[in-house]
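Input: a single structure, listed below in structure tokens.
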Amino acid sequence: MRRHHLSLVPAACLAGVAGLAFQRVFGLGPVVPVAAVAAVVPTALAALLSGPRGKAGRWPLWISIVLTVAAWTATAAATVLRPALADGTFPQALRAGVLSSWKSILTTLLPAPAKPEFLVLVHVLVWLAAFASAELALRTSLRAAPCLPVLGVWGVALLLGVDGPGSNAGLVAATAVLAAVLVLLRRPDGPRATDPEADGAGAGGGGWRPVLLGVPTAVVLGALAFAAGPYVPVGAEPYDPREQVQAPPPQRRDSVSPLDRVGGWLLSPAQPMFSVTSAQTEPWRLAVLDRFDGVTWSSTARFVPTGSRVPPAPGVAASGRRHGADQRITVRDLPGVWAPAADRPRRVDGLGVVVDPGSGALAAAQPLRPGQSYRVVSRVPEWDAGDLAGAAVARDAEARAATALPWGPGAKAAPVQLAEFRRVAQSAARGAASPIQQAGLLAEYLKSRAKYDVTAPPGHGYRQIDYFLGEGRRGTPEHFATAYALLARSLGLPARIVVGFDGGARSGSTVEVRSGDVMVWPEIKFARLGWVRFNPLPEGARRSKDSDAVAVGETQKKLEQAQKNAASQRRGSGPGKSAQPPPPVRPAAPQDEPLPWWVYAGSAVAVLLTGYVLAVLSAPALRRRRRRAGPPAARIAGAWHQALDHLGDVGLGTARTLTAHEVARFGAGSVGRGAHAHLGPLADLVDRSRFAPSVPDPRAADEAWRHSDEVGRLVTAKAGRMRRLRRRLHPRSLRPGRPGGL
């Protein structure tokens, strides 16, 4: 076999391995057939077009390009885009896959669904890399040239798969081995190696010995690449292009909020919603509502598509205790698009969903239908009293938004209910010394304040909650949860509400969840812990009256007990301890996020500039005060130095080599004859104090300063105040004046 044709084998393998790097984007299963076809077909086509007789039988490059484009279109239509070809959307799928699939992938939680318009991106990139590598192997003598096109495939795969599961370390090692083998196969073998007709001869006669010796070296190189992968510096925090792609705006996924359905569900409690097959019972979240406009609770969720994975909650410590929950959920008569799942879901299989990465809420891409079934794997967080007792309230952007109490649509003044809510909240949480105590006391207040009544009229605006707290004092979970959230926000605690289900009727390993099991609960966000559920309902309100109902889950029991223990620890009311009344509760003031570096840099520059201006403006006054102190001779010398400073504003540079009377003549010429009337007598006083045998008296010192001050006024009139001010702002003004003429 000719040397150039033999090198096509590792070149095709390199392209295929680079395509497999997309396994962090789609998973390995969907990528393998696409990468294999896209690597083999263009390589085989290039080998056929190269001809059997070397350069004489090789087709022009432009013909190879035209034929490979046609071959790619036909191959894509027969393989990856076959479903689109069958339903008549082939042109649209082809255009979307080539031009915009990368952006769709960047706005999808990985692994991305193996849609044809997504996989066509892998197909075209691997095809182009394989074709370019094959042509370089056949048309050039550069040994490493066929390795270069696959680097582009690797670059795209790494950027799109930054946040994906799995690792490409093994593929990197395979790439290193294949690149070394390719370079060895293209090893020059003397003068005949440059002649394509001599490739066959060059391959024999002992030509394989360096190759056989080099393969083990290539394997060692691959092993080193595999071992060094985890220690590459960029592997710790790689660049994520998803941070540069604008997230989809919040949108309402359902025309009717689940919160508005709660009252109707409770009045018809026997309607089957869904069934859950699982060994344990957990509360199932349906929708997370974190925005309140004074009338309605809604969601700010930014849903993005996902193949199956749901990322962990942002800003929550990964080292916390959690237990797994693997549940198979089958839809019965649950309306809308919200998909129930235990918090927090990590993987969803069997249902096309979109996910809010912030809250972990799931929504089906299409309205739910009876009989649909899907599997949800969740990691349910657990907290003990120690975690909660020392927890601080979260202060991030999400938490600050969850403390807002807007006036209401179109309102021009604060509702009167806000002041009442704040008064009630402060009264309920009086004596609390920590955020967990505030949250716990609010829950206890509502438990004892109102009664559970499914016939209470629905509504959760300011007026309805004010009536619920003040007069009605009976309500559904909707009223208890929304009242708790408003009272918590009045204290500065970030609060939101969750609509879900809790309980159900168990039969073997299956729990039948009915409309009467609907639940609404509030959550408070704590730093490093995330959102923690609280229960403001009276005792027994959550349980159905049916004999086969499931009691409160173990996780919720443990959480409520941990909250009580944490509150007791902080209050110091354990056995043998007397509770000391803590200071009254004050609403927590929102705190800003850490300021960016440029704010600190700008503040530092502003402080330095302010300090500099104060220094240069105060230095002359301090210098003048120092010069006027001391014995008469020192005061006369000080008056002379002060006059020299004044004359510096009209051009006097240095006075070290000038006598006092020469300086006086300079002043007369630069300032005017009026200056000589003061500089002349001042020069005489300086000379007498310096050289006369008698000691000058205080009157002579006062006379010297009178002349110096007059010189200063004349210089100001001559030079102008702005010029003198600019000179004072110069750094040299901080240096003490140098004597001249003394």
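The values are calculated or read from the model by the stated rules, or taken from the named source; none is laboratory data. If you're wondering where the values come from, they're calculated on a predicted model, not measured in any experiment. Neighbour counts are summed over all protein chains in view; Cβ atoms, including those assigned to glycine, are modelled from backbone coordinates with ideal geometry.
If we scan the range 120-139, do we find a residue that is of a type outside the set (A, V, I, L, M, F, W, C), without any contact (Cβ under 8 Å) to a residue 60 or more places away in the chain and buried (at least 16 other Cβ atoms within 10 Å of the Cβ)?
Within the range 120-139 (the criterion being of a type outside the set (A, V, I, L, M, F, W, C), without any contact (Cβ under 8 Å) to a residue 60 or more places away in the chain and buried (at least 16 other Cβ atoms within 10 Å of the Cβ)), the answer is no, since none of the residues qualifies.
List the pairs whose first member sits in the range 405-417 and is under 16 Å from ALA483 (Cα atoms) and among the polar types (S, T, N, Q), whose second member is at pLDDT 90 or above and surrounded by 10 or more Cβ atoms within 10 Å (Cβ to Cβ), and whose Cβ atoms are under 6 Å apart, counting only residues at least 6 apart or on separate chains?
Qualifying pairs under 6 Å: GLN417/TYR462; GLN417/ASP466.
Pull up the range 616-653, narrow it to residues that are on the phi < 0 side of the Ramachandran plot and not in a helix (DSSP H, G or I), then point me to the one that is modelled with the lowest pLDDT.
My answer is GLY653.
So which residues in the range 483-502 are in contact (Cβ under 8 Å) with a residue 60 or more places away in the chain and of a type outside the set (A, V, I, L, M), if there are any at all?
Answer for the range 483-502, where residues must be in contact (Cβ under 8 Å) with a residue 60 or more places away in the chain and of a type outside the set (A, V, I, L, M): ARG489, SER490, GLY492, PRO494, ARG496, GLY500, PHE501, ASP502.
Can you find even one residue in the range 347-359 that is under 15 Å from VAL518 (Cβ atoms), surrounded by 23 or more Cβ atoms within 10 Å (Cβ to Cβ), modelled with pLDDT of 90 or more and hydrophobic (A, V, I, L, M, F, W, C)?
Scanning the range 347-359 turns up no residue that is under 15 Å from VAL518 (Cβ atoms), surrounded by 23 or more Cβ atoms within 10 Å (Cβ to Cβ), modelled with pLDDT of 90 or more and hydrophobic (A, V, I, L, M, F, W, C).
Would you mind finding the one in VAL686, VAL613, VAL663 that is assigned by TED's automatic domain parsing to the domain that holds THR716, surrounded by fewer than 19 Cβ atoms within 10 Å (Cβ to Cβ) and in a helix (DSSP H, G or I)?
VAL613
Collect the residues in the range 282-308 that are outside any loop (DSSP other than H, G, I, E, B) and closer than 16 Å to ASP343 by Cβ, keeping them in residue-number order.
Answer for the range 282-308, where residues must be outside any loop (DSSP other than H, G, I, E, B) and closer than 16 Å to ASP343 by Cβ: TRP284, ARG285, LEU286, ALA287, VAL288, LEU289.
Are there any pairs with C-beta distances below 9 angstrom linking a residue in the range 632-646 that is touching a residue at least 60 places away in the same chain (Cβ under 8 Å) and surrounded by 21 or more Cβ atoms within 10 Å (Cβ to Cβ) to a residue that is outside any helix (DSSP H, G or I) and β-branched (Val, Ile, Thr), with the two at least 6 apart or on different chains, and if so which?
Hits for this filter: HIS646/VAL671.
With respect to ALA404, is the statement that it is buried (at least 18 other Cβ atoms within 10 Å of the Cβ) and farther than 29 Å from SER308 by Cα true?
No, not satisfied.
Taking ASP326 as the residue in question, decide whether it is surrounded by fewer than 19 Cβ atoms within 10 Å (Cβ to Cβ), more than 24 Å from VAL262 (Cα to Cα) and either free of Cβ contacts under 8 Å to residues at least 12 places away in the same chain or within 30 Å of the chain's Cα centre (by Cα) (or both).
When the stated conditions are applied, ASP326 passes them.
What helices (runs of 4 or more DSSP H) lie completely within the range 1-63 and have 2 or more residues being surrounded by fewer than 20 Cβ atoms within 10 Å (Cβ to Cβ) and at pLDDT 90 or above?
28-49
Suppose the filter is within 26 Å of ASP240 (Cβ to Cβ), at pLDDT below 90 and among the β-branched types (Val, Ile, Thr); does THR140 pass it?
In short, no.
Conditions: (1) modelled with pLDDT of 90 or more; (2) touching a Lys or Arg at 6+ places or on another chain (Cβ under 9 Å). ALA313 meets all but one. Number of the miss?
Failing condition for ALA313: (1).
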